Amino acid sequence: MLGSEGDQLKMARIGRETTLSRRQLLSSLGATGVGLLASACISAPASAPTAAPNPPTAGAANSASTPAAAGAPSGASTPAAAAKPSITGSIAYFDTDDDPASSAWHDKFHADFTAMYPGVQIEDTHIPSSDYQTKLTTALATGAHLDMLFWDTTNVPLLYEQGKLMPLNDVMESIYASVGGKDKVQAQALGIYTAGNGDIQGIPFYCEPIAWWFRQDLLQAAGLTPPADHWDWNFLLQAAKATHKPPDVYGVGFPTGRNNGTQTPIMSFILNNGGHLVSPDLKTVMFDSPEVREAYSLLKELAQYLPPGTGSWANPQQVDAITHGTIANGHYFGRVFQNVSQQNPSIIGKLSNTLIPYNKQATVNNANWGAHCVFKSAQNPQGAKELLKFMFSKNEYIAYLASTPGLYAPVVTPYGSDPTYLADPTLKAFDPKMIANITAGSVNTANIVKEGADWQVNAKGATISSSLVVVDVLQKILVNNDSVESAVTWGAQQIDAIMKA
Amino acid sequence: MALAVKLRRPGVVRFAPADLQTREKWLGFLIFLPVILVFLIFFAYPLAFGVELSFYKLDTLTLTGTFVGLDNFRRFLGSEDLRNALGNSLYWSLASLALNLLIGLGVALALNERFPGRNIARGLALSSYLIPLVVSAAIWQWMFNAQYGIINYLLVQIGVTATPVSWLSDPHAAMPAAIVLNVWRSFPFVVIVFLPRLQTIPEDLYSAAKVDGASAWDRFVDVTLPHLRSLFVVVILLRFIFDFNDFTTLALLTGGGPVHTTETLPLLVYRQMFGLFDTGAAAALAVLMLLFLLSLAVIYLHFASRGERVAE
């Protein structure tokens, strides 16, 4: 039937009439489709790094090394800048700084860096920390172009163990030189990111210590005088009970939802009570212990003073509750300074903080150290390394600290007490002791990956953390009303399974 | 017939029938080749790759691992995690489906009646379907909020409860609360499917039934429902598959908590993949989900087609 006269299509083409059979038309369409598909497949190779538009000439490089000539990048006067290598191309990385102030710092930092290195483009993606693991994991699994990344303590040892990261000892040495010596760099941070063979797995950047925030005005109104220094659990329970006046204010607040925000206070109380997930040599699970059970029992007791609905809380709800005075006591990072300053300055002077309360004796502070790492597969490793060195330029680093005042304890300890940083108007509004407590929280730290000074770095800590098993244990106790003993025993079995996997 | 005569006019066909048949076969193949290629590249390959992954113990972060055969399947079959997630998935999907059908059909019937402002009402009825899910979830999270949510406020005000209910963190309330959001968001789909068909049912049938003394219920059962029968197959199958595979709603609203009481199979896959970094286990679960859905679809379509034959 095809090809018959009645089946022909007539097409007017440039003033003359051309006849085209349906067969010819369909053949053409089919062939075109195949052609287009084939060309689409062929013309989509793995994206090559963007060519540098203006590779710097020797003269340009020389002129750029002078801050004034290069648009005066703020950190250009460092030794790293003085011995400036020639780098071009793009540098791609992910970070967790998605809030406006931190994003603005990155923009300025990149502008300063590219002013020194005009042939460089920086492709930085800000991802909220709640989505970071999923997106980074997906990016890595799908072979996305990444030269470096920022991540916290939990995951870097695993990546290094799997051979994904390059050692950065040369970068660290350069940073020592630029900041005035190795003794200026936080030793614990170095310990976490130093592999057994001495390789530097990542360049630690900062710590986000956790403090215990409390309303001293409400405590005084309840007839309690907080200890001048560190609280213990007894006073914590007294304080929660005395300040519990629902629905106006609740005695204590912490997330109990299934997320990382809940994991933070649990691990804080476990670790500073001398509890552990695994033994120092990582061979034995130590979770099912009196210290861990005591920590969960404390949380269970505190739970009676929680506001309703903490089961759907995560970090944002916790900081909101402290900022807006919904709770009288609760843990959180130093971001509270900025939030209170911007959203509820009326409680400045009424709010104070201390280290996370201890049980029998003060031990360790639960804190993560974030670090930047460079991939072995990086297309621009030299560029990434130079960018890392540039981050430690004094002005750039202090500008980063000031982007969220009081949140970070710096890896380069003198930067934290630098007058320029301490003169920040947000910090000036608070009692200096509160700022000092944040710094104190970065000393003698432990976390899920390195549970103490004598503990080996546990690469499986990443899986334990993301499995949220310690949160599941709390939920079993609070929601299912399981006994602390049975829930902790269950948790130990889960951790054992992860360690053996 | 006229066309057939016209097509058989002599002199136009240039090839012998066998030659023509061969060329037509190739032409047909050529025409469908792009579709076949797209299917192979974007559906068959990922599916086969997913099945292949399920036979490996594979670290999500580094994609390194070893072949473990059927170990991933053995681990899950009969496990508490799978039982819990499957139970939650069925609860979530079937309750959502029942409510969707009930509310969606009811709204479609109402919107099929003549009343002033009907067009505006039709537009409003579809509005929840147009709101992005992430926005819907945020809105409902606030409405369900134990301290500040309007639902608790109203319940306390009218004396239904003395203390606020922790909707999203109570193991008994979390799933029903999530189902409320899901139905609120997806019932317009059912309306969209049923309403056009309702509009095509001849008025004469209802008039004749009335003359015969049929009540409103009788007219619904004997006139309306038979006309909607084929659509029920589509709606039930599609909505069940949509809800069974839905990850976003529960991930945004409850994250699978509290204590895994709202963890459906897609959330369990996610936990294996990004919580335990076990890509192989996640792939095995996904394969099991696929097989389960396929078997359900086959069974359902078999009964649906048999029902239609009986009806005919």
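The values are calculated or read from the model by the stated rules, or taken from the named source; none is laboratory data. Predicted, not measured: the structure shown is a model, and the values here were computed from it. Cβ: placed from backbone, ideal geometry, glycine included. Neighbour counts: every protein chain shown.
Among the candidates A:L351, A:L387, A:L401, A:L422, single out the residue that is buried (at least 20 other Cβ atoms within 10 Å of the Cβ), more than 13 Å from A:F205 (Cβ to Cβ) and touching a helix residue (DSSP H, G or I) at 6+ places or on another chain (Cβ under 8 Å). Give the steps one after another, and end with the answer.
Working: A:L387 fails: more than 13 Å from A:F205 (Cβ to Cβ); A:L401 fails: more than 13 Å from A:F205 (Cβ to Cβ); A:L422 fails: buried (at least 20 other Cβ atoms within 10 Å of the Cβ).
Checking each option against the conditions leaves just A:L351.
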For region A:171-192, name all the residues that are in contact (Cβ under 8 Å) with a residue 40 or more places away in the chain and either within 14 Å of another protein chain (Cβ to nearest Cβ) or farther than 14 Å from A:F392 by Cβ (or both).
A:Q188, A:G191, A:I192
If we ask which residues in region A:239-254 are touching a Pro at 6+ places or on another chain (Cβ under 9 Å) and modelled with pLDDT under 95, their number turns out to be 2
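Could you pull out every one of the helices (runs of 4 or more DSSP H) wholly within region B:65-176 that has 3 or more residues that are β-branched (V, I, T) and not assigned by TED's automatic domain parsing to the domain that holds B:S54? Reasoning before the result, please.
Working: elements: B:71-76, B:80-112, B:118-125, B:127-130, B:133-144, B:150-157.
In region B:65-176, the matching helices (runs of 4 or more DSSP H) lie at B:133-144, B:150-157.
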Please verify whether B:V180 is free of Cβ contacts under 8 Å to residues at least 12 places away in the same chain, under 12 Å from B:T249 (Cα atoms) and of a type in the set (A, V, I, L, M, F, W, C), treating the condition exactly as stated.
no
Please state which of the following conditions A:D454 fails to meet, knowing it meets all the rest: (1) over 30 Å from A:S341 (Cα atoms); (2) touching a helix residue (DSSP H, G or I) at 6+ places or on another chain (Cβ under 9 Å); (3) more than 14 Å from chain B (Cβ to nearest Cβ); (4) charged (D, E, K, R).
(2)
Where residues in region B:143-180 are more than 13 Å from chain A (Cβ to nearest Cβ) and under 30 Å from the mean Cα position of the chain (by Cα), which of them is modelled with the lowest pLDDT?
B:I150
Residue pairs meeting the criteria (Cβ under 6 Å; at least 6 apart or on separate chains; first at the interface with another protein chain (Cβ under 9 Å from one of its Cβ atoms), in region B:20-33; second outside any helix (DSSP H, G or I) and modelled with pLDDT under 85):
none
Residue within region B:194-215 that is crowded, with 18+ Cβ neighbours inside 10 Å, modelled with pLDDT of 90 or more and either within 14 Å of chain A (Cβ to nearest Cβ) or out of contact with any helix residue (DSSP H, G or I) (no Cβ under 9 Å at 6 or more places or on another chain) (or both) present:
no
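Could you please let me know if A:G311 is within 14 Å of chain B (Cβ to nearest Cβ) and either at pLDDT below 95 or within 30 Å of A:H145 (Cβ to Cβ) (or both)? Give the derivation first.
Values: within 14 Å of chain B (Cβ to nearest Cβ): yes; either at pLDDT below 95 or within 30 Å of A:H145 (Cβ to Cβ) (or both): yes.
Taking the combined requirement at face value, the residue satisfies it.
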Looking at A:D496, A:D431, which one is closer than 30 Å to A:I348 by Cα, surrounded by fewer than 17 Cβ atoms within 10 Å (Cβ to Cβ), out of contact with any helix residue (DSSP H, G or I) (no Cβ under 9 Å at 6 or more places or on another chain) and touching a residue at least 40 places away in the same chain (Cβ under 8 Å)?
A:D431
Qualifying position, being away from chain B (no Cβ under 14 Å), of a type in the set (V, I, T) and farther than 21 Å from A:A459 by Cα, among A:I127, A:I87:
A:I87
Those residues that are farther than 21 Å from A:A362 by Cα and part of a helix (DSSP H, G or I), I need them from region A:216-252; list them, please.
A:Q216, A:D217, A:L218, A:L219, A:Q220, A:A221, A:K241, A:A242
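Tally time: how many residues in region A:274-311 are basic (K, R) and surrounded by 17 or more Cβ atoms within 10 Å (Cβ to Cβ)?
Filtering region A:274-311 down to residues basic (K, R) leaves A:283, A:293, A:300.
Filter once more, keeping what is surrounded by 17 or more Cβ atoms within 10 Å (Cβ to Cβ): A:293.
Total satisfying the criteria: 1.
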Verdict on A:E161 being of a type in the set (D, E), within 14 Å of chain B (Cβ to nearest Cβ) and either in contact (Cβ under 8 Å) with a residue 60 or more places away in the chain or over 27 Å from A:N366 (Cβ atoms) (or both)
yes
